[in-house]
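The values are calculated or read from the model by the stated rules, or taken from the named source; none is laboratory data. Everything numeric here is computed off the predicted structure, so don't read it as measured data. Note: ideal-geometry Cβ built from the backbone for every residue, glycine included; neighbour counts use all protein chains shown. We work out accessible area using only protein heavy atoms, side chains counted, and drop any ligands, DNA or RNA first. Shrake-Rupley method; radii C 1.70, N 1.55, O 1.52, S 1.80 Å.
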Amino acid sequence: MTSFQSTIGDEEGIAEELAEGQREISIAEFFEKNKHMLGFDSGARGLVTAVKEAVDNALDATEEAGVLPDIYIEIEEVGDYYRLVIEDNGPGITKEQLPKVFGKLLYGSRFHAREQSRGQQGIGISAAVLYSQLTSGQPAKITSRPKGQSRAQYFELIIDTDTNEPEIQADEETTWDRPHGTRIELEMEANMRARQQLHDYVKHTAVVNPHARLELREPGLDEPMKFERATDELPAETEEIRPHPHGVELGTLIKMLEATESYSVSGFLQEEFTRVGKKTADGVIDNFRDVYYGRELSWSPPRAHDDRDVASAVSDAVANKGAEATTAFAEGVAETVGNNDRISRSELADIVDTVAETVEGDTGKTFGGTVRENAVDAGWRAVTGGDEADESAESDDGGPEESPLVPDVYALVDEATSTRKDDAAVRAMAEALARRFENLDGDAYRITRDDLERLVADAASFVAEQRDATFGETARENVVEAFWSRARTVPDDPPKVKSIAGDRDAAADLLEAMRTTDILAPPTGCLAPITAELVEAGLRKEYDADFYAAATRDAEVHGGDPFIVEAGIAYGGEIPAEGSVELLRFANRVPLVYQRGACATTDVIKHIGWRNYGLDQPGGSGMPNGPAVISIHVASTNVPFTSESKDALANVPAIEDEIELAVREAARELKSYLNKRRSMQQRREKQDVLGRILPEMADKVSEVTGRPRPDIDGALARIMNNVSVEREVDGETVTLVVENHSDVNEQLDITDIVSTEPTDLSDGTVVDMDGEWFVQWKPEVPSGDERELTYAVGGDPEFEVSVGGVETEKLTVND
Amino acid sequence: MTTESDARDELIDLAADFYDQFAAGSIPEMTLPTRTKSNIEYDEESGVWTYGDRTSTRSANSVRGARKLLKAAYTIEFLANQLDDDRSSTLRELYYLSESWNNDEAQFSSQDESNDLVEDLEIVTGVTREDFHMRPEESGAKVMGPLELREQTNRGDREIHCQLDVGQGGYQIPNNPDTIEFLDNDAEFVLCVETGGMRDRLVENGFDEEHDALVVHLGGQPARATRRLTKRFRDELDLPVVVFTDGDPWSYRIYGSVAYGSIKSAHLSKYLATPEARFIGIQPEDIVEYDLPSDPLSDSDINALESELEDPRFQTDYWEEQIELQLDIGKKSEQQSLASRGLDFVTDTYLPERLGEMGVL
């Protein structure tokens, strides 16, 4: 099956292409041929798919209108057919919109948008309409009541299968008890064999849309299935975004370059991509220059003792400018050059320009383009040892004349290689390298990093051959890095967009530059994650479990589309303990019902070692067993499915990684819950056994020694590493002794309810509640320590102490 | 050692300790020396091996520990009552008797458990189990030799001569040999023999009469009573003691428990061990010298020998030399292998030669 992933960013999707290619045949025939891809391959599945598409639509419509969804689904048997009714409380629909939304196959506003939404392809509901029409011959019956209107509108709609044009057959006013919303009624050939999938779909929709109220009636149900909402919070509104530079592929980039109205690369980047401003664009362009043009190697300017002299070289190159201006110019250039550790030819040109302008200002002489060029050439020869080197560099075997670049190259090679390298080898390497630099085209020593790497490797193998000295991979890398980091990005303007668009290599260079530039992750405003809190609330609502955990990851990018993965786990309680755990899969808040085995989420779950998290997993891999529900939600502007029917997520490594991290995050909480539960259970068992044994032992020793039975509560509390709260009443003074025998500090919340008014509290607060006094302390008791909480009370009071802040298993109260 | 009423008081004191611990709000516990090989030390003064300073604590802090202490409380009660009634019982009877206790948690799950507990109580109270009136199921072994003694029995005192008044089997050592009083003897030395077959051979050959030897049958790992009596022969009659066993690592341990004390009863070493006891054979050296029929050492034999090299009780030049020799030749021989030289070889040749070498004869 074709992966939808491959069409990301393309102008057209597979389905649309298919449809276009099939214009000559009728749309009915097209549908017939492709219905397996659209989820209508059987009567059982068709019904589920129709419900799914209609409910997805209804949810999107209500959310877009800012209304909390209230959706009613009814399936009835009508003779040989089934009638499907879906009602929502959305904004309703106008007659003009109607054919577009329900009628025309492949109409969809979302298809080009990078925005998270349920229906991505615009195939869904119209395919359901067509399916119903083709199987039952009945039109789709649509009732709509826009907000604020007293009457509703009733339409009947069929699709002309020859032209793929919808036709409204009936249009009349009617009454409807919903204040606003849309109702669609479809009759189709179907069966209820997929009842379980239908129930799962609706239940899972409720889990993942805790803000929605859902109701399902179908012939097999005695009572309608109702799902109440768990939150009144609508999902955050999403906004469209442009693609992210890290996500596009070369083909897409070329298409974007061809289509853009921007003239410059900078404008193109800022205009067409998200998270690219002037600064980021400049960063990308600098990287692009490095890849496309290469950098210029830089060299040390001549020092005082060198026989080369920038000032006199420049001075000689200038004619007819008068001694004063010439000297000022030559000395200005020489001084600025001398201030640099290293300099490239372009930098020298810059310096010459700057100094020339200054001198022009000071002296009134004009230093024109030719003069400046001559000055740059002369100065550059002085820096690099110019002309004579060109001639000596003809033989590769190290002629008697040494390149003037050698000392500079030697210094860098020496610095970059380990001190253990033989000096002769380093020198040989420097000479070999310098010769190769001399052979570069032009005199600016311009080279790309790839070429530099090749050149260094070549020199290294030459040295290895000649000198029997090895320059290993690390040494070579260090040498490359030493030169590259000192090389200068060239000032040349990048080529214009049009020429890059026509030059595949240049476009590839641009793509590489985009990928190597640090760019902020795409904004997540285009995504509406459920949020960990509501993932948990959704599970909590539909599964009566002992434990819930959820995690939402930060947004990541795949194919220029940001995505967010969320995972939730429910454990224990009423969830059946037999068999494997239940996996709920969601994409953009839509439950995935079919093709579980083909889904990336399933693969990820199977590869996690669940034993580590306290779940049973026969053989250490595969679906874990036990009373757990795992839900995974992938929200993206473009969810990669394995097929058009949107049943299973494709195996995209970036997304799989995030799924794994999200699941593991939630699973870690499960693990600590299970560990704690296990330790509490052990503690309870220990407490049970010791609670039986120790009194018997105390009885026995009192019997043997002939003494009264000892009080063993203190010993018990100590054994259980417990917190013990014991009341001592001495006359009018009441003392609660809190002893912490556990190995952690305990933050307790102690309330003593007293029937007469207490006075002289040691600390804490007292509240009078209708003749009962609530004395409250919140003592922190360090491990192994104790606190005394005292107050005075008259008469013959009754007490009742309650202790919070510590598990009951860890508490011994002796009131 | 202790008297019987002392024994009872010690037990009650232990119960009272538990009581006081409860009453003070602390966790009842019982501290014992750690009973492992690494925690036995040579006691210069007495020349035996006893427990070192390392201790283990049986605490009610855990379910296991609490069960142990509960069982201890029940056992204390049982023993105290037994002493009150002047009755006695065997270790095995204690194990079965626990079934009659009204508390499932207090019942012993195996006889090892009840045996261990009685040993724990011995150690903590400093009272021997004989004084608790507890005896082992297997009674002590037998003595044959020129010795006259008086034994207190349930049926009154009996005066017995261990050659003249006994049959071929010899005098049966009672469970508590401290009830024996030595009257008269002509013995020259004590010969402890591991196997019953060899003892019978010596008696049949008249070795005890010929050499005035007290032949003590050890019967494998010797019972406490046997070891106690051997020690009394040495201490009270001033007789040299030699130990005659098979030539394998397991038999050296039998010698070790006679001479140095056993790891499990190291608390009683001063009472049971006879540090002057010497090993007569079969020595690894003898296997070579007499060219005795032998079996190859098994892996477990080798492990046992190596473990003996580490055992503090065997860290003497003599034993290191012998054990290393045995590991070297890779052979072991039984006492009976001497029969390969004829039935009288052991009594006529081997023993007299070895005893002569050792300066006993």
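Key figures for this structure:
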{"quantity": "In region A:588-615, residue farthest from A:Arg45 (Cα to Cα) [restricted to those that are assigned to a loop (DSSP other than H, G, I, E, B) and not hydrophobic (A, V, I, L, M, F, W, C)]", "calculated": "A:Gly614"}
{"quantity": "Complete set of residues in region A:445-461 that are more than 21 Å from A:Arg303 (Cβ to Cβ) and surrounded by 21 or more Cβ atoms within 10 Å (Cβ to Cβ)", "calculated": "A:Arg446, A:Ile447, A:Leu452, A:Val456, A:Ala459, A:Ala460"}
{"quantity": "Residue among A:Pro245, A:Pro219, A:Pro235 that is modelled with pLDDT under 85 and outside any helix (DSSP H, G or I)", "calculated": "A:Pro235"}
{"quantity": "Residue match in region B:94-111 (condition: of a type outside the set (D, E, K, R), at the interface with another protein chain (Cβ under 9 Å from one of its Cβ atoms) and out of contact with any His (no Cβ under 8 Å at 6 or more places or on another chain))", "calculated": "yes"}
{"quantity": "Which numbered condition A:Val129 fails, given (1) at pLDDT below 85; (2) farther than 28 Å from A:Glu233 by Cα; (3) crowded, with 19+ Cβ neighbours inside 10 Å", "calculated": "(1)"}
{"quantity": "Pairs, first among the basic types (Lys, Arg) in region A:426-445, second surrounded by fewer than 22 Cβ atoms within 10 Å (Cβ to Cβ), C-beta under 7 Å, six or more apart", "calculated": "A:Arg427/A:Tyr410; A:Arg435/A:Ala393; A:Arg435/A:Asp396; A:Arg436/A:Leu455; A:Arg436/A:Asp458"}
{"quantity": "In region A:414-443, the residues that are under 16 Å from A:Ala460 (Cβ atoms) and of a type in the set (A, V, I, L, M, F, W, C)", "calculated": "A:Ala416, A:Ala424, A:Ala425, A:Val426, A:Ala428, A:Met429, A:Ala430, A:Ala432, A:Leu433, A:Ala434, A:Phe437"}
{"quantity": "In region B:204-228, the residues that are under 15 Å from B:Met144 (Cβ atoms) and either open to solvent by less than 20 Å² (accessible area, probe 1.4 Å) or assigned to a strand (DSSP E or B) (or both)", "calculated": "B:Gly206, B:Phe207, B:Asp208, B:Ala213, B:Leu214, B:Val215, B:Val216, B:His217, B:Leu218, B:Thr226"}
{"quantity": "Residue check, A:Asp743 more than 9 Å from chain B (Cβ to nearest Cβ) and open to solvent by 30 Å² or more (accessible area, probe 1.4 Å)", "calculated": "yes"}
{"quantity": "Subset of region B:33-63 (residues that are assigned to a strand (DSSP E or B) and more than 14 Å from chain A (Cβ to nearest Cβ))", "calculated": "B:Pro33, B:Ile40, B:Glu41, B:Tyr42, B:Asp43, B:Val48, B:Trp49, B:Thr50, B:Tyr51, B:Thr55, B:Ser56"}
{"quantity": "Residue count, region B:286-308 (criterion: within 28 Å of B:Ile40 (Cα to Cα) and touching a helix residue (DSSP H, G or I) at 6+ places or on another chain (Cβ under 6 Å))", "calculated": "4"}
{"quantity": "Residues within region A:686-721 that are more than 8 Å from chain B (Cβ to nearest Cβ) and without any contact (Cβ under 8 Å) to a residue 24 or more places away in the chain, tallied", "calculated": "6"}
{"quantity": "Residue ranges of helices (runs of 4 or more DSSP H) in region B:232-324 with at least 3 members out of contact with any His (no Cβ under 8 Å at 6 or more places or on another chain) and more than 28 Å from B:Thr347 (Cα to Cα)", "calculated": "B:269-272, B:299-310"}
{"quantity": "Sole residue being at pLDDT 85 or above, open to solvent by 10 Å² or more (accessible area, probe 1.4 Å) and facing chain A (nearest Cβ under 8 Å), chosen from B:Ala23, B:Ala80, B:Ala66", "calculated": "B:Ala23"}
{"quantity": "Qualifying residue in region A:644-659 (condition: assigned to a helix (DSSP H, G or I), in contact (Cβ under 8 Å) with a residue 24 or more places away in the chain and within 12 Å of chain B (Cβ to nearest Cβ))", "calculated": "no"}
{"quantity": "Members of region A:547-587 found to be without any contact (Cβ under 8 Å) to a residue 60 or more places away in the chain, open to solvent by 10 Å² or more (accessible area, probe 1.4 Å) and not polar (S, T, N, Q), listed by number", "calculated": "A:Tyr548, A:Asp554, A:Ala555, A:Gly573, A:Glu574, A:Ile575, A:Pro576, A:Ala577, A:Glu578, A:Gly579, A:Glu582, A:Leu583"}
{"quantity": "Residue list for region A:222-272, restricted to those being more than 30 Å from A:Leu59 (Cα to Cα) and among the hydrophobic types (A, V, I, L, M, F, W, C)", "calculated": "A:Val248, A:Leu250, A:Leu253, A:Ile254, A:Met256, A:Leu257, A:Ala259, A:Val265, A:Phe268, A:Leu269"}
{"quantity": "B:Asp13 vs. criteria within 12 Å of another protein chain (Cβ to nearest Cβ), touching a residue at least 60 places away in the same chain (Cβ under 8 Å) and either more than 20 Å from B:Thr125 (Cβ to Cβ) or more than 24 Å from the chain's Cα centre (by Cα) (or both)", "calculated": "yes"}
{"quantity": "Those residues of region B:32-56 which are of a type in the set (Ser, Thr, Tyr) and open to solvent by 70 Å² or more (accessible area, probe 1.4 Å), in sequence order", "calculated": "B:Ser38, B:Tyr42, B:Thr55"}
{"quantity": "Qualifying positions in region A:609-628 - surrounded by 20 or more Cβ atoms within 10 Å (Cβ to Cβ) and either touching a residue at least 40 places away in the same chain (Cβ under 8 Å) or within 25 Å of the chain's Cα centre (by Cα) (or both)", "calculated": "A:Trp610, A:Tyr613, A:Leu615, A:Pro624, A:Pro627, A:Ala628"}
{"quantity": "Residues (within 50 Å of the chain's Cα centre (by Cα), among the small types (Gly, Ala, Ser) and assigned to a helix (DSSP H, G or I)) located in region A:339-374", "calculated": "A:Ser346, A:Ala349"}
{"quantity": "Residue in region A:651-658 that is within 30 Å of B:Leu69 (Cβ to Cβ) and surrounded by 16 or more Cβ atoms within 10 Å (Cβ to Cβ) present", "calculated": "no"}
{"quantity": "Top-ranked residue in region B:90-123 [being under 24 Å from the mean Cα position of the chain (by Cα) and small (Gly, Ala, Ser); ranked as least open to solvent (accessible area, probe 1.4 Å)]", "calculated": "B:Ser114"}
{"quantity": "Residue among B:Glu148, B:Glu137 that alone is outside any loop (DSSP other than H, G, I, E, B) and surrounded by fewer than 21 Cβ atoms within 10 Å (Cβ to Cβ)", "calculated": "B:Glu148"}
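Every residue, every condition in (1) modelled with pLDDT of 85 or more; (2) crowded, with 19+ Cβ neighbours inside 10 Å; (3) of a type in the set (Gly, Ala, Ser); (4) more than 19 Å from A:Val590 (Cα to Cα), yes or no:
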| site | (1), (2), (3), (4) |
| --- | --- |
| A:Arg23 | no, no, no, yes |
| A:Thr49 | yes, yes, no, no |
| A:Arg83 | yes, yes, no, yes |
| A:Gly90 | yes, yes, yes, no |
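Conditions (1) part of a helix (DSSP H, G or I); (2) modelled with pLDDT under 90; (3) assigned by the TED database to the domain that holds A:Ser631, marked per residue:
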residue: A:Ala506; (1), (2), (3): yes, no, no
residue: A:Pro522; (1), (2), (3): no, yes, no
residue: A:Val565; (1), (2), (3): no, no, yes
residue: A:Gly568; (1), (2), (3): no, no, yes
residue: A:Ala577; (1), (2), (3): no, yes, yes
